[in-house]
Amino acid sequence: MPVHNETIAAIFDEIADLLELGDANAFRIRAYRRAAQTVRAHTRELKDELAAGRDLDALPGIGADLAGKIAEIVRTGSCALLKELKAGVPRGQPQLLKLPGLGAKRVRELHARHGITTPAQLERALAKGKALGLPAATTATGARLAAALGRRSEPVRTLRAVAAPIAAALEARLRATRGVTAAVVAGSFRRGRETVGDLDLLVSSEAPAAAIEAFCSFDEVAEVVARGRTRAAVVLASGLPVDLRVVPAASFGAALHYFTGNKTHNIRVRQLAQRAGLKLNEYGLFRGSRRIAGATEEQVFRAVGLPFIPPELREDRGEIEAAQAGRLPQLVTRADLKGDLHVHTDASDGTAPLGAMVAAARAAGLAYVGIADHSKFLGATHGLDAAALARQGEAIDALATRGITVLKGVEVDIREDGSLALPDAALASLDYVIGAVHTAFTLPERRQTERLLRALDHPRLTILAHPRGRLLNERPPMTFDMNAVVARAAERGAFLELNCQPARLDLPDVDCELARTHGVRLAVGSDAHGTDGFALLEPGLLQARRAGCTAADILTTLPLAKLRAVLAAAR
Ligand SMILES: [Zn+2]
Ligand SMILES: [Zn+2]
């Protein structure tokens, strides 16, 4: 079974957790955490790099020992150290570590003093009102803990970035199968959602048996749940369920539309068909018993009087009305992007030096790149103070670049009171300033709103980074008045970011739409921490496409001269 980077990163994280529970050397724990980060940020599959004979110990934070572990995981799907560590702790204990407010020390205490080693035992003890010596059974931490325990049963959705290489591999495998003329993953994946619950694979073939066989013997299949003549359902080793349907070519377009959804969009289109005296289902569009369309989606749309609606818009959020009125937007594409203003180097927590990041940006086809390393804040080990920022400015001036322009920026922390963590004089020398919240995510709504408004009022602030502060499956979005923030950004001529990190995708689609309708342009930022980070721009852009954004709605589609003028006007 092929091992993806996410699997390797998860194993390293788990090893770090287990080492923490075992009270191991802090340096060793950090090494595994850092390795997990590096592997996760690497956009090429390490299994492919190994197969190509690359040396992995050139990766940041990966020495010979960790490179050996990666090779072991790729070869065997697991790691002897992990098994050994697991055997040394009670079952369930690592899950306790994932709950908010529970560090390794407290988890060990829960075991030693109360015999608690699983989340279920903890939940029961809390429900009985037991005093567990947690600093907070009565305070906010207690409430957060209870909420997190309650969330345990919520299904975790798979990040699009994790599902994407699997979807591509499945499509390629099916397309290479005898008799198959098309293979597409439909569903929420095709609509560009940031997470997926499962994958719906649709195949066009007149020989379904061969397609079913190829699907069920895919090397990542852990379990075949159902297997019929034209459909099958499996669960992959990662836990992701995948459904396959095989349809004849004459039905493929109708089936693709049907399985792409969403449900309410489909209902609306079906009603349009009914009004025209037709019947639409996954087999085609019928007048009586005669199929009049179905081979392509375009045919189906045309037959009900609509132009082709891009999958990203099919949420019944006004796309049908827009299509009927001939007002469908020309959605922004990766080719429209001229630059990227959110890029880190090894001066803060990036993994590559300035020159390498600039070269990578140029190789990604960008005309300008903005360097925006972190400010020094709250004892962060990797932030830049005013002096370091000035030195970076000199290094940028001294850089001999051709074919790309380098802009000077910073990702400055927004303190809890809304002030910025660098002096105004340091910010004044830059081309633009990105403000970002990295702390105090759980302030009450009013205070969080005031904090963001005050930051936007700062005359030097140009872009508000990852405004929601969410980390998918890890941290909920911050609670604040987004309407007020968007309105203030519009007033101030500031911009909101669409951050392309796979677990952020922040702003989310509905907020992108709010910004668009207020005329606030989005800065699409890769937040690249390594040379392969620019590959995140294209999937990140899906949030903007789902929001109906055109190139004109995006700040970073502007050519350099216009961008400079707009940035200068914003400060
Ligand atoms: Zn950030
Ligand atoms: Zn960043």
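With respect to the conditions (1) touching a residue at least 12 places away in the same chain (Cβ under 8 Å); (2) farther than 25 Å from Arg451 by Cβ, Ala335 falls short on a single one, namely (1).
Among helices (runs of 4 or more DSSP H) entirely within the range 41-140, having at least 2 residues that are touching a Cys at 6+ places or on another chain (Cβ under 9 Å) singles out 64-76. Residues in the range 550-559: is at least one away from ligand 2 (no atom under 16 Å from the Cβ), among the charged types (D, E, K, R) and in contact with a Phe, Trp or Tyr (Cβ under 7 Å, 6 or more places away or on another chain)? So far as the range 550-559 goes, no, none of its residues is away from ligand 2 (no atom under 16 Å from the Cβ), among the charged types (D, E, K, R) and in contact with a Phe, Trp or Tyr (Cβ under 7 Å, 6 or more places away or on another chain).
For (1) closer than 26 Å to Gly355 by Cα; (2) within 16 Å of ligand 1 (Cβ to nearest atom); (3) surrounded by fewer than 22 Cβ atoms within 10 Å (Cβ to Cβ), each residue gets a yes or a no:
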{"position": "Phe480", "(1), (2), (3)": "no, no, no"}
{"position": "Phe495", "(1), (2), (3)": "no, yes, no"}
{"position": "Val510", "(1), (2), (3)": "no, no, yes"}
{"position": "Val524", "(1), (2), (3)": "yes, yes, no"}
{"position": "Ala547", "(1), (2), (3)": "no, no, no"}
{"position": "Leu560", "(1), (2), (3)": "yes, no, yes"}
{"position": "Leu563", "(1), (2), (3)": "yes, no, no"}
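Across the range 279-294, what is the total count of residues that are surrounded by fewer than 18 Cβ atoms within 10 Å (Cβ to Cβ) and either in contact (Cβ under 8 Å) with a residue 24 or more places away in the chain or of a type in the set (D, E, K, R) (or both)? Within the range 279-294, residues that are surrounded by fewer than 18 Cβ atoms within 10 Å (Cβ to Cβ) and either in contact (Cβ under 8 Å) with a residue 24 or more places away in the chain or of a type in the set (D, E, K, R) (or both) number 7. Picking from residues in the range 361-383 that are at pLDDT below 95 and either aliphatic (A, V, I, L, M) or away from ligand 2 (no atom under 13 Å from the Cβ) (or both), the one that is surrounded by the most Cβ atoms within 10 Å (Cβ to Cβ) is Lys376.
When the range 449-478 is filtered for residues that are away from ligand 1 (no atom under 14 Å from the Cβ) and of a type in the set (Lys, Arg), the ones remaining, listed by number, are Arg451, Arg454, Arg460. Checking each residue of the range 547-570 against the condition of being more than 22 Å from Gly403 (Cα to Cα) and among the basic types (Lys, Arg) gives no match. Look at the range 24-44: where a residue is modelled with pLDDT of 85 or more and a partner is aromatic (Phe, Trp, Tyr) and surrounded by 17 or more Cβ atoms within 10 Å (Cβ to Cβ), sitting 6+ places away or on another chain with Cβ atoms under 6 Å, you get Tyr32/Phe12; Ala35/Phe12; Ala36/Phe12.
Out of curiosity, is Thr479 in contact (Cβ under 8 Å) with a residue 60 or more places away in the chain, of a type outside the set (Phe, Trp, Tyr) and within 27 Å of Pro539 (Cα to Cα)? Answer is no for this residue.
Residues checked against (1) in contact with a His (Cβ under 9 Å, 6 or more places away or on another chain); (2) more than 16 Å from ligand 1 (Cβ to nearest atom); (3) farther than 24 Å from Ala41 by Cα:
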| residue | (1), (2), (3) |
| --- | --- |
| Thr351 | yes, no, no |
| Leu354 | no, yes, no |
| Ala363 | no, yes, no |
| Ala372 | yes, no, no |
| Lys408 | no, yes, no |
| Ile414 | yes, no, yes |
| Asp424 | yes, yes, yes |
| Ile434 | yes, no, no |
| Phe441 | no, no, no |
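Restricting to the range 390-401, what's the tally of residues that are touching a residue at least 24 places away in the same chain (Cβ under 8 Å) and either out of contact with any Asp or Glu (no Cβ under 8 Å at 6 or more places or on another chain) or within 16 Å of ligand 1 (Cβ to nearest atom) (or both)? Here the count works out to 6.
Matching residues to (1) modelled with pLDDT under 85; (2) of a type in the set (Val, Ile, Thr); (3) touching a His at 6+ places or on another chain (Cβ under 8 Å):
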residue: Gly115; (1), (2), (3): no, no, no
residue: Ala120; (1), (2), (3): yes, no, no
residue: Leu132; (1), (2), (3): yes, no, yes
residue: Thr139; (1), (2), (3): yes, yes, no
residue: Leu149; (1), (2), (3): yes, no, no
residue: Pro155; (1), (2), (3): yes, no, no
residue: Ala163; (1), (2), (3): no, no, no
residue: Leu170; (1), (2), (3): no, no, no
residue: Ala176; (1), (2), (3): no, no, no
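Can you find a residue in the range 528-540 that is part of a loop (DSSP other than H, G, I, E, B), of a type in the set (Val, Ile, Thr), crowded, with 24+ Cβ neighbours inside 10 Å and more than 15 Å from ligand 1 (Cβ to nearest atom)? No: zero hits.
The values are calculated or read from the model by the stated rules, or taken from the named source; none is laboratory data. Just so we're clear, the structure is a prediction, and the values are computed from it rather than from any experiment. Every residue, glycine as well, gets a Cβ built from its backbone with ideal geometry; the counts of neighbours run over all protein chains shown.
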